[in-house]
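Okay, structure first, notes after.
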Amino acid sequence: MTRAFNFSAGPATLPESVLRQAQAEMLDWNGVGASIVEISHRSAEFIAVAAQAEADLRQLVGIPDDYAVLFLAGGATTQQALLPLNLAGAGQPVDYVVTGHWGKTAVKQARPYAAVNLAADGEAGGFTDIPAASQWRLTREAAYVHLTANETIHGIEFREVPEVGAVPLVADFSSSIASEPIDVSRYGVIYAGAQKNLGPVGISVVIIRRDLLERAGQARADIFDYRAHAARDSMLNTPPTWNWYLLGLTVKWMLAQGGVAEFARRNAAKAALLYAAIDGSGGFYRNSVAPAVRSRMNVPFFLPSTEMDARFVAEAGKAGLIALKGHKAVGGIRASLYNAMPLEGVQALVAFMHDFQQRNG
Ligand SMILES: *Cc1c(COP(=O)(O)O)cnc(C)c1O
């Protein structure tokens, strides 16, 4: 068996030790005589798995006690619709800072439920920079300000938390949660689909300041209500137990590796190596994002022609470097460098880039 270096943006590479543990436990979890996938979510065994995953995630990310942590079925897009339903009154203004594709998605999901104000929009500049916070047109009575901490497709990342006054900051951390230390207390809500940096697809994490659970929001069924989920420890209905278990294993692996401080160090080194290869290629490889806000997690780049982009992806795949094709919205190449991608993977990619340029430059 050979495992390739998998640069997929999501669902993304997972630590091999996590996959091996899941494999070893598949038929009989912890001596219960059944798989974790086959037992009740209300069993003492699964409740312990769920509680441990939450405790470990709290430790890993540094989540204060005055924040609830929800584990919900569905993706980040689901949360993008639930946020205005839970936090904004019908027709109340909500501020959105759009710095790429996922910010646009968040706006689209919110529009049916709230009066979306585009406080800032980087689209005119091709999403190559983050509009200066001093230029944002914020609304004083907004229910919240939404931003995308890391734009997975455009490869742009907030490097500091913007100051937005008393209005709660809501941030989509799907592709950068646990990649470096964050100050959770600066946010009202942090949400993330798990399939980038936390585990498998099918489950999302919502970290919400408890006072925000008391907001009236809008008429909604219990199943769309964060407060109802919090009151039942995210077991209002059958949660995605397998995904929750795998997320727990992945978080435990991150803690054992040294936690977010260690991953910040590794991720900075990986990103520096790849951007240096791009910038040092004499223009053969190009990334047009402003250096100060270049993503450490997702690195999009382009070769001199779309034909060469395609050949690069095909040849890289044969060399054991897979899933490098850029998102269809922007094309080109994209290398995702989440926590589970080792430095060796990036070194192999950089060596391949050098070789490819020698042969084609
Ligand atoms: C992947 C991603 C999403 C969408 O996640 P789904 O699970 O497909 O809903 C939203 N925001 C960001 C930043 C992402 O990376």
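In Å and from the alpha-carbon atoms only, list the Rg and Dmax of segment 200-309.
Expressed in Å, the Cα Rg and Dmax of segment 200-309 come to 20.9, 57.
Based on alpha-carbon atoms only, what is the radius of gyration of segment 268-361 relative to the globular estimate 2.2 N^0.38 Å? Walk me through the numbers on the way to the answer.
Values: Rg = 12.1 Å, N = 94, 2.2 N^0.38 = 12.4 Å.
This ratio for segment 268-361 stands at 0.97.
Evaluate the distance, in nm, between pseudo-label points positioned 7 Å from the Cα of Ala90 and of Thr139 along their respective Cα→Cβ axes.
It works out to 1.6 nm between the two label points.
Using the number of other C-beta atoms within 10 angstrom as an exposure proxy, rank Thr238, Thr13 with the fewest first.
On the way: Thr238 10, Thr13 23.
So the residues, fewest neighbours to most, are Thr238, Thr13.
Taking 0.36 nm per intervening residue step and subtracting the Cα-Cα distance, what contour gain separates Asp121 from Ala269 on full extension? If you can, show how the numbers build up before the last one.
On the way: separation 148, 0.36 × 148 = 53.28 nm, distance 3.01 nm.
Between Asp121 and Ala269, full extension yields an extra 50.3 nm.
Listing Asp172, Asp233 from the residue with the fewest other Cβ atoms within 10 Å to the one with the most, what is the order?
Numbers: Asp172 28, Asp233 16.
Ordered from fewest to most neighbouring Cβ atoms within 10 Å, Asp172, Asp233 come out as Asp233, Asp172.
Rg to Rh ratio, segment 150-265, alpha-carbon atoms and Kirkwood radius? The partial results should precede the final answer.
Details: Rg = 15.4 Å, Rh = 15.8 Å.
Using only Cα positions, Rg/Rh for segment 150-265 is 0.97.
May I ask for the net charge around Pro84, where only other residues with Cβ less than 12 Å from the Cβ of Pro84 are counted and Lys, Arg are +1 while Asp, Glu are -1? Please report the intermediate quantities before stating the final value.
Numbers: positive: Lys108, Arg111, Arg215, Arg220; negative: Asp95.
The answer is +3.
Can you give me the three principal axis dimensions of the chain from its C-alpha atoms, in Å, biggest first?
Per principal axis, max minus min of the Cα coordinates gives 60, 57, 31 Å.
Please list, or write none, the lysines whose alpha carbon is within less than 18 Å of the alpha carbon of Lys270, excluding same-chain residues fewer than 8 places away.
Cross-link targets: Lys196.
Loop-only trypsin sites (Lys or Arg not before Pro) in segment 179-217, please: DSSP not H, G, I, E or B, and at most 12 other Cβ atoms within 10 Å. Present the calculation step by step, with values, prior to reporting the outcome.
On the way: sites: Arg186, Lys196, Arg209, Arg210, Arg215; in loops: Lys196, Arg215.
Taking segment 179-217 and a limit of 12 other Cβ atoms within 10 Å, no loop trypsin sites (Lys or Arg not before Pro) are found.
Taking 0.36 nm per residue of separation and subtracting the Cα-Cα distance, what length does fully extending Ala256 through Ala48 add? The partial results should precede the final answer.
Working: separation 208, 0.36 × 208 = 74.88 nm, distance 1.94 nm.
Additional length available on full extension: 72.9 nm.
Through the Karplus equation 6.51 cos²θ - 1.76 cosθ + 1.60, θ set to phi - 60°, convert the phi angles of segment 355-361 into ³J(HN,Hα) values in whole Hz; use x for Gly and Pro.
Along segment 355-361, the couplings run 5, 4, 5, 4, 7, 10, x Hz.
Would you kindly compute the Cα radius of gyration of segment 5-86 and its largest Cα-Cα separation (Dmax), both in Å?
Gyration radius and largest Cα-Cα distance of segment 5-86: 15.9, 44 Å.
Coordinate-derived values only; no laboratory data. This structure is a prediction, so every number in the text was calculated from the model and none was measured. Here Cβ is always computed from backbone atoms with ideal geometry, including for glycine, and neighbour counts include all displayed protein chains.
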